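> Attaching a single structure in structure tokens format; questions to follow.
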Amino acid sequence: MGVIYVDADACPVKAEVEAVATRHRIQAYMVSNGGLRPSRNPLVEMVFVPDGPDVADMWIAERAKAGDVVVTNDIPLAAKCVEAGARVLRPDGEALTAVNIGNVLATRDLMTDLRAADPFRQGGGRPFSKADRSRFSNALEAAMRAAAKEVSDGG
């Protein structure tokens, strides 16, 4: 069985990850550049990386592999982890896979261009809901079972 990597800065589902990691007895790494309260759970390791652009993302991308689950909203990081064979979930439970990551990257780039072209464009997503939290927990459970099966089947 692999591990869980969490791009933990501004991640709203850290408690859910900890609960699933505990239930499956699997190591979870909460990666950030500081400001997070350490967990007392021996299965949850806080990894504090230096300040800098994408340092936490690089730390995760260098380690993620088949059998691991990565939790992130960062699309370029997700693409690297999908390419490495890891299962990737967004905090709302959406799975990012080899099938959909190209479209998700293209949409991200389009939205970046639109925001740059219209500096008065107000944005931001909808608020994170209880339904998102529940959908994430269910998706993480399913990803953990699938990753465990993948590892036991030999990859």
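Only the coordinates and a few stated rules stand behind these numbers; no lab work does. Bear in mind that the values here come from a model prediction, so they are computed numbers and not experimental data. All Cβ positions, even for glycine, are placed from backbone atoms using ideal geometry, and neighbour counts span all protein chains on display.
> Considering Cα pairs under 8 angstrom that are at least six residues apart, work out the relative contact order of the chain and quote it in whole percent.
This gives 25 percent for the chain.
> Explain nothing, just compute: Karplus ³J(HN,Hα) = 6.51 cos²θ - 1.76 cosθ + 1.60, θ = phi - 60°, for every residue of segment 86-94 in order, whole Hz, x for Gly and Pro.
6, 8, 10, 10, 8, x, 8, x, 5
> 5 Å is the cut-off here: which amide hydrogens, built 1.01 Å from N in the peptide plane, fall below it relative to Y5, excluding neighbours closer than 5 in sequence?
For Y5, the qualifying residues are Y29, V69, V70, V71.
> Return the sequence-ordered ³J(HN,Hα) values of segment 67-73 in whole Hz as given by the Karplus equation 6.51 cos²θ - 1.76 cosθ + 1.60 applied to θ = phi - 60°, using x for Gly and Pro.
So the Karplus estimates, Gly and Pro as x, are x, 8, 10, 10, 10, 7, 9 Hz.
> Using just the helices of the chain, give the 222 nm mean residue ellipticity in deg cm²/dmol: DSSP H runs with n ≥ 4 each add -39,500 (n - 2.57), and the total is spread over all residues, rounded to 500.
Taken over the chain, the calculation gives -14500 deg cm²/dmol.
> Quick one: longest stretch of the chain between exposed loop trypsin sites (Lys or Arg not before Pro), exposed meaning at most 16 other C-beta atoms within 10 Å and loop per DSSP?
The segment 66-120 is the longest one with no such site.
> Bin by bin, in steps of 5 Å, what percent of the Cα pairs in segment 1-68 do you find, going until the bin that has the longest distance?
Taking all Cα pairs of segment 1-68, the binned fractions are 4, 18, 30, 26, 17, 5, 1 percent.
> Amide H to amide H under 5 Å from V49: which residues, 5+ apart in sequence or cross-chain, H placed 1.01 Å off N in plane?
S32, N33, G34
> Now for a separate question. Lys and Arg at +1, Asp and Glu at -1: add these up for the other residues within a Cβ distance under 13 Å of A147 and post the number.
That sum, taken over residues with Cβ under 13 Å, equals 0.
> A follow-up question, please. Report the equivalent ellipsoid semi-axes for segment 4-152 in whole Å, largest first, defined as the square roots of five times the eigenvalues of the gyration tensor built from alpha carbon atoms.
25, 18, 16
> Rounded to the nearest 20 Debye, what is the dipole magnitude of the chain about its Cα centre when Lys and Arg each give +1 and Asp and Glu each give -1 at the C-beta?
Computed about the Cα centre, the dipole is about 560 debye.
> Something else: Kindly express, to the nearest 10 degrees and within the range 0 to 90, the angle between helix 14-24's C-alpha long axis and the longest C-alpha principal axis of the chain.
30
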